[in-house]
Amino acid sequence: MSIVDKNIRRLRPPGGEWPVQNRDSAAVTQARESITIDLENLRRYGVLPYDELEVRRREEDFRRIKWPVLAAAFGAEAEQIPDGDLVLVTSSVPEEGKTFTTLNLALSIAHEQGSGVLLVDGDIERCQLSMLCGAVGRPGLTDLLRNPEMSPSQVVVDTNIPRFSLLPSGERIPNGPEALAGPGFARLVSWFLEAYPGRILLIDSPPVLARTEAQVLARGVGQVVFVIRADHTLRGTVQDALAQVPGGPLVRCIINQTRRSSLVGYYGEYANYGDDVG
């Protein structure tokens, strides 16, 4: 179990630069609530480092991840892929550092001038991102999925971090995969594309082999960031999980929690990772 996962259990309640694109001001200037993401709390629970050297290392690690992601979304025409601004983060099994990766990647993208991120807590069973961001109990994704009359603008919240917005998980619901496969998620994507051009929709989903939501969500995105925990996840487990990711999105794998740093590898094709994954 990762340090972040251990600490999240304590949080759980009982039970280069990219081109600036003009946003449709009519679509996004409506009053919306804002929450404060407590960065000190993120350090306390292991998501962000205290040590200045580790801060710089972490920033470099996530630059290596975000720039290919941004290039596939907004780069030169030859680099762009369909739906490249829709990105899913997943893993094979729990406790590989997926939520750690998602949140750090979102923060790194938010630091990119001319871009930004809408972070979606799509792990509606565990709600870890919502817990870490202080958004537990707020309306969110599941409310949007269940209510066809609801606009995404009613549940998306801005934060104290510039260019960083959040869609919490919302209340737990039965039949989550079926709800995600319905029209509510497509409505969210359509709204996002109109309201936030030049931003990344970044979705934290459950692990592929733990639940089926990742397989549903992967059908609607252009990129998948697949997290593999070093010296933990068996190669066969990774292969089984990747085989269940629908064809279409570009899959990029990262090796997480190595001895050198939080991240050591980032590969354009999942076939490239080495035999010593697990």
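Worth pointing out:
- Qualifying residue in region 123-133 (condition: at pLDDT below 95, surrounded by 20 or more Cβ atoms within 10 Å (Cβ to Cβ), under 12 Å from the mean Cα position of the chain (by Cα) and of a type in the set (Asp, Glu)): yes
- Residue check, Ala179 among the small types (Gly, Ala, Ser), surrounded by fewer than 16 Cβ atoms within 10 Å (Cβ to Cβ) and within 14 Å of Leu141 (Cβ to Cβ): no
- Condition met for Asp158 (assigned to a strand (DSSP E or B) and acidic (Asp, Glu)): yes
- Residues that are in contact with a strand residue (DSSP E or B) (Cβ under 9 Å, 6 or more places away or on another chain) and among the basic types (Lys, Arg), drawn from region 58-98: Arg58, Arg64, Lys66, Lys98
- Verdict on Leu242 being outside any strand (DSSP E or B), modelled with pLDDT of 90 or more and under 29 Å from Pro168 (Cβ atoms): yes
- Residue within region 51-63 that is surrounded by fewer than 21 Cβ atoms within 10 Å (Cβ to Cβ), at pLDDT below 95 and in a loop (DSSP other than H, G, I, E, B) present: yes
- Of all the listed residues (Val224, Val189, Val208), the sole one being within 22 Å of Ala71 (Cα to Cα), crowded, with 23+ Cβ neighbours inside 10 Å and in contact with a strand residue (DSSP E or B) (Cβ under 9 Å, 6 or more places away or on another chain) is Val224.
- The residues in region 161-176 that are under 18 Å from the mean Cα position of the chain (by Cα) and surrounded by fewer than 16 Cβ atoms within 10 Å (Cβ to Cβ) can be counted, and the count is 1.
- One residue alone among Leu180, Leu201, Leu217 is at pLDDT below 95, within 15 Å of the chain's Cα centre (by Cα) and closer than 24 Å to Ile35 by Cβ, and that residue is Leu217.
The values are calculated or read from the model by the stated rules, or taken from the named source; none is laboratory data. Just so you know, these numbers come straight off a predicted model, no measurement behind them. Don't worry about glycine lacking a Cβ; one is built from the backbone with ideal geometry, like all the others, and counts go over all protein chains shown.
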